[in-house]
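Here's the structure, in structure tokens; my notes come after.
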Amino acid sequence: MSLVITDIGELTTNDPETGRLHDAAVVVQDGRIAWIGRAADAPASDHRVSLEGAALLPGWVDTHSHIVFAGDRSDEFEARMAGQRYQAGGITVTVAATRAATADELRVSTHALRAEAARGGTTFLETKTGYGLDVQSEVRSAQVAREVADTVTFLGAHVVPPDVDHREYVDLVRGPMLQAVLPYVDSIDVFCEQGAFTVDESREILLAGREAGLALRVHGNQLGHTGGVALALELGARSVDHCNHLTDEDVAALAASGTVATFLPACDLSTREPFGPARAILDAGGTVALASNCNPGTSFTTSMQFCVATAVLQMRLTIEEAVYAATAAAARSVARDDIGIIRVGARADLQSLHAPGISHLAYRPGVPLTGRVWKDGVEIAGPRQHDVPRTAGSGSSTRETFRS
Ligand code: NIG
């Protein structure tokens, strides 16, 4: 079955050869983009959706989240807003709640967050383990993660759980725990930070993961100049995430590397850490991604739109750079070139906006603009019928009208 999405006011393709098109149409067949061009030239298809002037762009590619958890840390958040500093130790509160939850409770809350992300336009989601921190609980988290996420990362090295010897825990993570989660995960990550794991410990754990066939990701330089970024570059990690505290040398080295620098602006706001120098990395020719870091401690949001708006309004990315960072560049950090881009042959992972163009993502901050969302050509989130502007007398509840 084919679907033509037509009357697209502004089509953001992320493809340098195509750029942004106006009055465009896209044809989807068998889950992939089959045709792109002027609406007037669109071929006949089995189904037709008119966006009536609304914008269409790739679905968000959210490559950093921790959505497998139970419990709530709003008290910690409130204390932080009153002046306390974020510390890695808060993670153990969520570990206790996650271990205490039943498998069904964990599954229900994780699926609910995945559905929330989809309603916000996220068509590809990475998520991590890291709130189990014993073999059985990490395996359970990895299994639940596998149900909802497009790629799963093992983060046994999140912190050392209470009452466990630090060195013994490092050996557990790089040994039996890694082997137990291996069937469910694609990557390995380490929280390389004061209060979590040293650079040497992080290296040991990442090398064990690489030996087991996993791709590498690193939480680096979130709370200080902790060496995580240098380690990620040394090991050729796919992504180093957070990057709040970078020297000029770090910026130059990242820009010259194949490692994607992933920034997490919602987390920076919630922890009151300085925004990382994404602008400088882009100016130096590097690759910058944006992700939600959805987790109960430092960034309890699935909203990629919020991250894009913050990157534009606070981190000085242009709207095109921010959208690219949250789609095509993020896709690079998970070694995918068939998502985050609208070109013939790419996956039909798409979102429309209740807006005529992508500038509205930052121009109208805080306003939920996601319209319709397709993953592999299948609609996974529909129009909010109560607030979609209608054509006078159209009677249609699924049209999005931006033309007079
Ligand atoms: O990416 N930094 C480490 N992990 C999470 C925080 C997790 C938590 O505090 O529960 C993050 O911010």
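Annotations
- Taken as a whole, the condition of being touching a helix residue (DSSP H, G or I) at 6+ places or on another chain (Cβ under 9 Å) and surrounded by fewer than 20 Cβ atoms within 10 Å (Cβ to Cβ) applies to ARG80.
- Qualifying helices (runs of 4 or more DSSP H) (wholly inside segment 239-305; at least 1 residues being under 27 Å from ALA115 (Cα atoms)): 265-271
- Among (1) buried (at least 23 other Cβ atoms within 10 Å of the Cβ); (2) of a type in the set (Lys, Arg); (3) away from the ligand (no atom under 13 Å from the Cβ) - the single one ARG217 does not satisfy: (3)
- Residue list for segment 58-73, restricted to those being charged (D, E, K, R) and either within 10 Å of the ligand (Cβ to nearest atom) or surrounded by fewer than 17 Cβ atoms within 10 Å (Cβ to Cβ) (or both): ASP72, ARG73
- Any hit, segment 123-146, residues being surrounded by fewer than 20 Cβ atoms within 10 Å (Cβ to Cβ), closer than 25 Å to ALA325 by Cα and either free of Cβ contacts under 8 Å to residues at least 24 places away in the same chain or not polar (S, T, N, Q) (or both): yes
- Any hit, segment 335-347, residues being touching a residue at least 60 places away in the same chain (Cβ under 8 Å), touching an Asp or Glu at 6+ places or on another chain (Cβ under 6 Å), within 16 Å of the ligand (Cβ to nearest atom) and not charged (D, E, K, R): no
- Members of segment 22-41 found to be touching a strand residue (DSSP E or B) at 6+ places or on another chain (Cβ under 7 Å) and surrounded by fewer than 20 Cβ atoms within 10 Å (Cβ to Cβ), listed by number: HIS22, ASP23, GLN29, GLY31, ARG32, ALA34, TRP35, GLY37, ARG38
For every residue, the table says whether it meets (1) of a type in the set (Phe, Trp, Tyr); (2) out of contact with any Leu (no Cβ under 7 Å at 6 or more places or on another chain); (3) at pLDDT 95 or above; (4) crowded, with 24+ Cβ neighbours inside 10 Å.
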position	(1), (2), (3), (4)
SER270	no, yes, yes, no
PRO277	no, no, yes, yes
THR302	no, no, yes, yes
THR318	no, yes, yes, no
ARG332	no, yes, yes, no
VAL344	no, yes, yes, no
HIS354	no, no, yes, no
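- Residue, farthest from ILE342 (Cα to Cα), within segment 95-122, restricted to residues that are surrounded by fewer than 23 Cβ atoms within 10 Å (Cβ to Cβ) and among the polar types (S, T, N, Q): THR102
- Across segment 163-213, the number of residues qualifying as farther than 19 Å from ARG140 by Cβ and not small (Gly, Ala, Ser) comes to 25.
- Residues of segment 74-97 that turn out to be of a type in the set (D, E, K, R) and within 9 Å of the ligand (Cβ to nearest atom), as a count: 1
- When the test is whether a residue is outside any helix (DSSP H, G or I) and at negative phi, GLN222 passes it.
- The listed residue being of a type outside the set (Ser, Thr, Tyr), within 20 Å of GLU76 (Cβ to Cβ) and in contact with a Ser or Thr (Cβ under 6 Å, 6 or more places away or on another chain), out of ALA266, ALA237: ALA266
- For segment 1-18, the set of residues classified as over 22 Å from the mean Cα position of the chain (by Cα) and either among the hydroxyl-bearing types (Ser, Thr, Tyr) or at pLDDT below 95 (or both) consists of MET1, SER2, THR6, PRO16, GLU17, THR18, listed by residue number.
The values are calculated or read from the model by the stated rules, or taken from the named source; none is laboratory data. Just so you know, these numbers come straight off a predicted model, no measurement behind them. Every residue, glycine as well, gets a Cβ built from its backbone with ideal geometry; the counts of neighbours run over all protein chains shown.
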